[in-house]
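The values are calculated or read from the model by the stated rules, or taken from the named source; none is laboratory data. Being a predicted model, the structure only gives us computed values, none of them experimental. All Cβ positions, glycine included, derive from the backbone under ideal geometry; neighbour counts span all protein chains shown.
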Amino acid sequence: MKKKGGSTIIEMLVVIAIIGILSGMTLIYNRSGAEQLKLFKEEAMVVGLLNRARALAAEKYNKSPDSCAFGIHFTAGSLDFSLFQDLKSSTKKFCKEFDGTYNGSFTYNSGESIQDFALEKGLIFEISISSNLAGTQTQIAAGGMVDIMFVPPELGVVSTVALPVNLKISTPAGGNSKTVIINDTGQISTQ
């Protein structure tokens, strides 16, 4: 009796197992890639909005006497953030006194909001403050609010917390993250 050509059941099972392993690896890699893509997109949006706030401060300086500064309002542990203008308080005639100190209301009010934004679902803000001297970072607790504002005419940066500020956009599990850093000169960088 002559053997017919073909595959045995064991060979077929080995091939199916190899295909299953390769498919599983592809799905995991694809999911991780999609998560990284979301992080890059959101990081670019935050950097773009910080630059937009700086541009609005430069543009509106001579055109809008009631606008003292433009900035972004962030809440730690949240999806939401807002582009806003800090309006001159009713008790002050000028945003800046002649001594060069900032005299706006220095707080975000919902009436000052220009546009509200939210991170994609599955991402959150973690906010920390870097100490240049000790190299340590102080975490802002969830629900803590941070306003970063650009003040015309020199476009100096002021914040409700000490600068530099690290805005970390991350997944809740903390597996992947992107960080936007705003230093005391207003320079915006990413990590």
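Key figures
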item	result
Selected residue [in contact with a Phe, Trp or Tyr (Cβ under 9 Å, 6 or more places away or on another chain), under 29 Å from Lys38 (Cβ atoms), polar (S, T, N, Q) and modelled with pLDDT under 85] from Ser170, Ser110, Ser82, Ser130	Ser110
Failed condition for Leu163, given (1) closer than 28 Å to Leu87 by Cα; (2) in a loop (DSSP other than H, G, I, E, B); (3) at pLDDT below 85	(3)
Positions within the range 166-191 being part of a loop (DSSP other than H, G, I, E, B) and not hydroxyl-bearing (Ser, Thr, Tyr), in sequence order	Pro172, Ala173, Gly174, Gly175, Asn176, Asn183, Asp184, Gly186, Gln187, Gln191
Residue within the range 86-101 that is buried (at least 16 other Cβ atoms within 10 Å of the Cβ), under 20 Å from Thr185 (Cβ atoms) and modelled with pLDDT of 70 or more present	yes
Long-range neighbours under 8 Å by Cβ, at least six apart or interchain, first residue under 17 Å from Asp80 (Cβ atoms) within the range 167-191, second hydroxyl-bearing (Ser, Thr, Tyr) and crowded, with 17+ Cβ neighbours inside 10 Å	Lys168/Ser128
Residue check, Leu79 surrounded by fewer than 20 Cβ atoms within 10 Å (Cβ to Cβ) and in contact (Cβ under 8 Å) with a residue 40 or more places away in the chain	yes
Tabulated pairs, the range 21-49, first modelled with pLDDT under 95, second of a type in the set (Asp, Glu), C-beta under 8 angstrom, 6+ apart or interchain	Lys38/Glu120; Lys41/Glu120; Glu42/Glu120
